[in-house]
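Here's the structure we're looking at; comments come further down.
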């Protein structure tokens, strides 16, 4: 399945794959959509069907780029596979701006 990135009201929707096989194709369109979007951007990943650690790296990159551009990136909704992989990697709280992360040792 081809990966599709589209602008939606208040954010960006990604459908398809976010894997090592699609990372190079997805990176720049995501960064472009982020910089062209509003100050507060919701990233809808509910249509992501395949997701691996390359997808995690993409999300961390997009999160960093949003911070550098003075934008706030809000993750969600996300598909079960995205949530499972982010949880496994310990990145779900980071990308969802979990305030309890600051208090963790």
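Before anything else, pin down the relative contact order of the stretch 4-100: Cα pairs under 8 Å, at least 6 apart, normalised by residue count, whole percent.
For the stretch 4-100, the relative contact order is 29 percent.
Based on DSSP, what percent of beta bridges with both residues in the stretch 1-98 are antiparallel, to the nearest 5?
30
Just the Cα atoms of the stretch 1-46: what Rg and Dmax do they give in Å?
When restricted to the Cα atoms of the stretch 1-46, Rg and Dmax are 10.3, 30 Å.
Laboratory data are not the source of any read-out in this text; all were calculated from the coordinates shown. Nothing here was measured: the structure is a model prediction, and the numbers come from that model.
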